[in-house]
Structure formats: structure tokens, C-alpha cells
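Reviewing the structure listed below.
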């Protein structure tokens, strides 16, 4: 297999190995690393049928991580997808109401972020060894709720690393907050910020782009890396589960090999649906990529108008992991539809930073034909949770419900009957108040933590180990800072 190199979407770096791209996290010019060419699948889909998740992960990821040996990559995969997942399938596919829900929440933190963040620490430490890096790697991450806990879980006590997570103090669910603030590990740091996710994400990006601060860290034997989906090592593992879903459908004789399926992804930062787009580019028969937004519908507006405008009211919703106005991973798609024109991409990203918006030209908009943008209000989201539970007994979280609501609306508008996979991105146990309140108003009298027990009684499903007795665990991280103090806090932690 030819060696696949990486380059920045903004043109400042090229000819970068996968290992170096993973360790560096974000390009020095502020751009994101993308493959110099998107690889095509070597194996036929028929050859991939019947593989375990681990076997399939190797056959997909080897196309992107070509400087990893077979032994290295398989070692990372085996350490990641093991008994920490509560099902041997890792990502089971469940057919309810004629829709296929791809359950991506069977890892330790009950969210799809485990699918990539279980393997990223192993990819990162393997890459650092390959590159003879002896500095301590500082993982700097912003989270809208799920990435933070999954990253903390993945990197806790990993030798040669520290992890610092910033989250919006008032912008996550109580269960999400407790998952992070009770995190154990000598190398873990969790800080709430007085602001929203975009503030946290911008603060992290500014620290990465601060040459003087990075020089200071370098002199003190530290180097920064990221666990956000801006890191290509986060994105590549996510491509795998779209192949896995498709092959499960084929094995169950729900589709014929080669038959197209649609994919619906609830998204805020755009990484999860971008992984589906990459899967399609590799040769997976995906028809429509349906991008589901909540009331913060910046992506819905973009796909329908070609204009990206972040200057709008930021709405705190019942699907907080999607409460995002700056979708970082969209930059990778912009680069692709701009004909891999780094100057054009940089110009658009500079406009977003300076003016708060940008608009793509008609030729770029034509290349978005595979995408469909939809959004669901909170009212629609709650209605779909109740409706699906009452008709099937299947309970979904608020993010999956956004996708389900958008799917229903899409079918009503287009009459498209293509079989469809919905990325089910989190367990309903993470959002007990909203989910149980949608099912029956009587549950509004109980706290988030009391509702964990109530949900178990209602669904007859055991409480997942990841949140069992979470309200009784000691809170270990209590620091809160202003959004403009993030660099100072990082400096204090690293002394």
C-alpha cells in the first residue's frame, strides 16, 4: 500500500505522516489535516462481510494510517475495542419502526465519542514512539459534553500524557457534568468555563495558535495535542462504524450488497457526518447524508443557502452536545468542495473569524448534492421520543431524537423510501430529565439521578456501569474560570 501523507486545509503544511498529524493534532497555520488523497477501499464489500468490529477496523483504518505497521495498528485496535464495551458487537444495529439505529453508546462513557477516543490514546502514544518524541504530550480539549468524559476516560493515567478538558459550566447535562468532575487519574484536569462551547473551542484553538506560549511549553518539555475531532486520529476510527452498519444490514439480508442506504447524523461539530462522507468516498454505497441540527441550526442554513453565519442567538437546548455555532470539521468538507484550494479555504475561514460568516460559490454548492440539511425543534424532539417509545418500547436520547425527527420530516417531504441508518450517538441514561419528561410529565418531579433508577424500571434495561451510583462519587474537579483565562489556567496546571 502506498504511503498516504497529510496536508493542512489552509496550505501551511504538507507531506505530513499520519503519525505526525495525530501527534500535532491541528496544523500550525490553524488548518486541519486531511489526506492528500481520499483512499479507496482495496477489499470488496463481500470480502468484508462477516468480519468482527476489530477486523473491520483494521481493514478500513490501514488505508489512512499507512505508516503504522500491521502489528502496531492491530495492537491499538485490540486495546481499544475490548471488554470496556458492554457488547461484543461494539456498535450493534437495531431495527425499530423500519429505521436502523446504529447504537454507538456501548462504551464506558455512554456516547459515540468512545468509538474514537478509546483508540486515540493508543494511536497517539504509538505515533509518539515512532517519532522518538520524548516530551510530555498535553491533550487540550474543549467539550460540549461527551468528548470531555470520553477523552478523560481514554487518557487517564496514560504514561507521558496529561489531559486538560474545558467545558461550558452551564451548558451540559447534570449527568455529563458529574461524569467529568468525578474523573479519577493523576494526569486529568477538568475546568468549567463561564461561556458556551464555542467559547471553549475558540479558546483551545487560540492556545494552539499562540506561538510564544507553545515555545514556552516546548522549552519546558511539553507539546500540545488535541482529542477533539479536529485531530485526524479522532476522525479516522469513526469511518469504520458506517461500514459496520452497512455490512450488518447485508448480513441480515435487509439489503443486497451494493444497494444504497441513507445515513442520518445528529451533528454540531460535523465530525461524525464527515466520517460518513469519507466512508462514501472510499466506496461505501451511501445515498443521502442527512445532517440533523437542533435549534442552533447553523448547518441547516448552510446546506440550504450556501451561507455559513455564526452571528445568531446561541440557544441552550435539551441536546447540548449539538449546541454549537462553529462547526470545526466543516472546514475539511469546504476544502474538498473547493477543489482542494487551500487559499480559498483559508479566505473563507478568515472571513468566518473576522466577519462571523462566509458564503460559498455556486460551483461549491453544487458539490453538496449528497447532503440534506434538516433541523428539529425541541418540541419535535420530545414528541419523537414519546412516539417511538409508545410504538416500539425503544427509548432514544435527545440527540438521536433530533436525527429521528429530521428523518421523519425528510421522508414526508421527499417520499424517499431508501433504507436508512440513524447514528444513535448517546444513551438515554445521559439525558434522563429530558427523555423521561418526554415519555410522561410525571417524571418531571424527579432529579436527573433519581431518574436513572426510573429509566431502568421503565425500560427493563440495567443501569450501565459508567453511570451506576454516579451521584455518590466524590467530585474531584471544581475549578471554574472566565473564558479569557483559559491560557492562564493551562500555564498554572503545567507550572
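Can you list the strands (runs of 3 or more DSSP E) lying wholly within segment 253-310 that have 3 or more residues being crowded, with 24+ Cβ neighbours inside 10 Å?
So the answer is 261-266, 286-293.
Please verify whether segment 435-442 includes one or more residues that are out of contact with any helix residue (DSSP H, G or I) (no Cβ under 6 Å at 6 or more places or on another chain), part of a loop (DSSP other than H, G, I, E, B) and either at pLDDT 95 or above or buried (at least 20 other Cβ atoms within 10 Å of the Cβ) (or both). Steps first, please.
Residues of segment 435-442 that are out of contact with any helix residue (DSSP H, G or I) (no Cβ under 6 Å at 6 or more places or on another chain), as a first pass: 440-442.
With part of a loop (DSSP other than H, G, I, E, B) added as a condition, the list becomes 440.
Narrowing the set further to residues that are either at pLDDT 95 or above or buried (at least 20 other Cβ atoms within 10 Å of the Cβ) (or both) leaves 440.
Yes: one or more hits.
Determine whether segment 8-25 contains at least one residue that is in a loop (DSSP other than H, G, I, E, B), modelled with pLDDT under 95, crowded, with 22+ Cβ neighbours inside 10 Å and under 23 Å from the mean Cα position of the chain (by Cα).
Yes, there is a match, as at least one residue in segment 8-25 is in a loop (DSSP other than H, G, I, E, B), modelled with pLDDT under 95, crowded, with 22+ Cβ neighbours inside 10 Å and under 23 Å from the mean Cα position of the chain (by Cα).
For segment 411-434, which positions are within 18 Å of residue 110 (Cα to Cα) and surrounded by fewer than 22 Cβ atoms within 10 Å (Cβ to Cβ)?
Once the filter is applied, which keeps residues that are within 18 Å of residue 110 (Cα to Cα) and surrounded by fewer than 22 Cβ atoms within 10 Å (Cβ to Cβ), segment 411-434 yields only 433.
Look through 175, 184 and report the one residue that is touching a residue at least 40 places away in the same chain (Cβ under 8 Å), more than 25 Å from residue 28 (Cβ to Cβ) and in a loop (DSSP other than H, G, I, E, B).
Of the residues listed, the single one that is touching a residue at least 40 places away in the same chain (Cβ under 8 Å), more than 25 Å from residue 28 (Cβ to Cβ) and in a loop (DSSP other than H, G, I, E, B) is 184.
Taking segment 167-199, which residues are closer than 16 Å to residue 326 by Cα and in contact with a helix residue (DSSP H, G or I) (Cβ under 7 Å, 6 or more places away or on another chain)?
Listed by number, the residues that qualify are 167, 168, 171, 195, 199.
Is at least one residue of segment 151-162 free of Cβ contacts under 8 Å to residues at least 60 places away in the same chain, assigned to a helix (DSSP H, G or I), crowded, with 20+ Cβ neighbours inside 10 Å and touching a helix residue (DSSP H, G or I) at 6+ places or on another chain (Cβ under 9 Å)? Quick ask: steps written out before the conclusion?
To start, the set of residues in segment 151-162 that are free of Cβ contacts under 8 Å to residues at least 60 places away in the same chain comprises 152-153, 156-161.
Right, trim to assigned to a helix (DSSP H, G or I) and you get 152-153.
Then keep just the ones that are crowded, with 20+ Cβ neighbours inside 10 Å; that gives 152-153.
Narrowing further to those that are touching a helix residue (DSSP H, G or I) at 6+ places or on another chain (Cβ under 9 Å): 152-153.
Yes, segment 151-162 contains at least one residue that is free of Cβ contacts under 8 Å to residues at least 60 places away in the same chain, assigned to a helix (DSSP H, G or I), crowded, with 20+ Cβ neighbours inside 10 Å and touching a helix residue (DSSP H, G or I) at 6+ places or on another chain (Cβ under 9 Å).
Could you list all residues from segment 26-36 that are surrounded by fewer than 17 Cβ atoms within 10 Å (Cβ to Cβ) and in contact (Cβ under 8 Å) with a residue 24 or more places away in the chain?
29, 36
One residue is enough: does segment 219-229 have a residue meeting the conditions more than 24 Å from residue 66 (Cβ to Cβ), over 17 Å from the mean Cα position of the chain (by Cα) and part of a helix (DSSP H, G or I)?
Yes, there is a match, as at least one residue in segment 219-229 is more than 24 Å from residue 66 (Cβ to Cβ), over 17 Å from the mean Cα position of the chain (by Cα) and part of a helix (DSSP H, G or I).
Out of the residues in segment 218-232 that are touching a strand residue (DSSP E or B) at 6+ places or on another chain (Cβ under 7 Å) and surrounded by fewer than 20 Cβ atoms within 10 Å (Cβ to Cβ), which is farthest from residue 313 (Cα to Cα)?
Among them, the one singled out is 221.
When you go through 380, 462 one by one, which is the residue that is without any contact (Cβ under 8 Å) to a residue 60 or more places away in the chain, farther than 19 Å from residue 294 by Cβ and in contact with a helix residue (DSSP H, G or I) (Cβ under 9 Å, 6 or more places away or on another chain)?
462
Applying the selection to segment 37-67, what residues are in a loop (DSSP other than H, G, I, E, B), without any contact (Cβ under 8 Å) to a residue 60 or more places away in the chain and either surrounded by 15 or more Cβ atoms within 10 Å (Cβ to Cβ) or in contact with a helix residue (DSSP H, G or I) (Cβ under 9 Å, 6 or more places away or on another chain) (or both)?
Hits for segment 37-67 are 42, 43.
The values are calculated or read from the model by the stated rules, or taken from the named source; none is laboratory data. Not measured: the values here are computed from a predicted model. Please note: Cβ atoms are built from the backbone with ideal geometry, for glycine as well, and neighbour counts cover all protein chains shown.
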